[in-house]
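Asks: What follows is a structure written as structure tokens; I'll ask about it next.
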Amino acid sequence: MGDLLLDVVAGGGSLGFLDGLTRDEAIAWWRALTPAVTRGDIAVWAVPDTDGRCLGTITLGFTGMPNGRHRAEVRKLMVHSAARGRGLGRVLLATAERAAADRGITLLVLDTETDSPAEGFYRAAGWQRVGTIPDYAADTAGVLRPTTLYYKRPEERAGTAA
């Protein structure tokens, strides 16, 4: 999964990392998620290819506070550059949405770099744009970029309202 993270960051993916990320750092980042997965604070889905290489992942982060247990955050949807255009991102997103609904989550949120290809992807999947925050995060080159916030109610997946 470290190689997937390296590939997406090298391609300019807005994941919180800057150019120069090493394989050791990428692997360490994934390993550091293990306690949160074990506690149930996050859920991670990964899609391996036949060689065991990770082609894509998605993470859901759950809110631990009592007033927010109805919502979750979609984090780090990644698809390897060699696997793009095959619908894997849609499958991963639908999997997370379905799992959220099965868990009783009634609201999903996410943020993504403004004007990135991800924005069209999320809009096509039925996500609603909330607004934009200027200078929210640095891109991989260290330049501050805006981010756009989106939400979706899991029962609205596949473009149907509840």
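Asks: Would you indicate which of [x] 16.1, 50; [y] 17.1, 62; [z] 15.5, 45 is the value of Rg and Dmax of the Cα atoms in Å derived from the coordinates of this structure?
Replies: Only one listed value fits the structure, namely [z].
Asks: Separate question: Figure the gain on full extension for A32 and A10 (residue separation times 0.36 nm, minus the Cα-Cα span) and round it to one decimal in nm. Can you show the working numbers first?
Replies: Values: separation 22, 0.36 × 22 = 7.92 nm, distance 2.10 nm.
5.8 nm is the gain from fully extending A32 to A10.
Asks: At a 1.4 Å probe radius, carbon and sulfur cover how many percent of the accessible area of the chain?
Replies: Carbon and sulfur atoms account for 52 percent of the accessible area of the chain.
Asks: Once amide H atoms are placed 1.01 Å from N in the peptide plane, what residues at a sequence separation of 5 or more from Y136, or on another chain, have their amide H within under 5 Å of its amide H?
Replies: Result for Y136 returns R145, T147.
Asks: Something else about it: Using modelled backbone amide H atoms (1.01 Å from N, in-plane), which distant-in-sequence or interchain residues come within less than 5 Å of H80's amide H?
Replies: Placed amide hydrogens put G56 under 5 Å from H80.
Asks: Could you report the accessible area of H70 in Å², rounded to 10, computed with a 1.4 Å probe on the protein chains as they sit in the structure?
Replies: Its heavy atoms expose roughly 70 Å² to the probe.
Asks: If I model a spin label at M65 and D49 as a point 7 Å from the Cα along the Cα→Cβ vector, what separation in nanometres do I get?
Replies: Going by the 7 Å Cα→Cβ label model, 4.2 nm.
Asks: Still on this model: Given the -39500 (n - 2.57) contribution per DSSP H run of 4+ residues, what per-residue ellipticity at 222 nm results for the chain, rounded to the nearest 500 deg cm²/dmol? Walk me through the numbers on the way to the answer.
Replies: Working: 5 runs with 48 residues, N = 162.
It lands at -8500 deg cm²/dmol.
The values are calculated or read from the model by the stated rules, or taken from the named source; none is laboratory data. Everything numeric in this text was worked out from a predicted model, so none of it was measured. In this analysis, Cβ positions are derived from the backbone assuming ideal geometry, glycine residues included, and neighbour counts consider all displayed protein chains. Just so you know, the surface numbers come from the protein's heavy atoms only, side chains and all, with ligands and any DNA or RNA stripped out. Shrake-Rupley method; radii C 1.70, N 1.55, O 1.52, S 1.80 Å.
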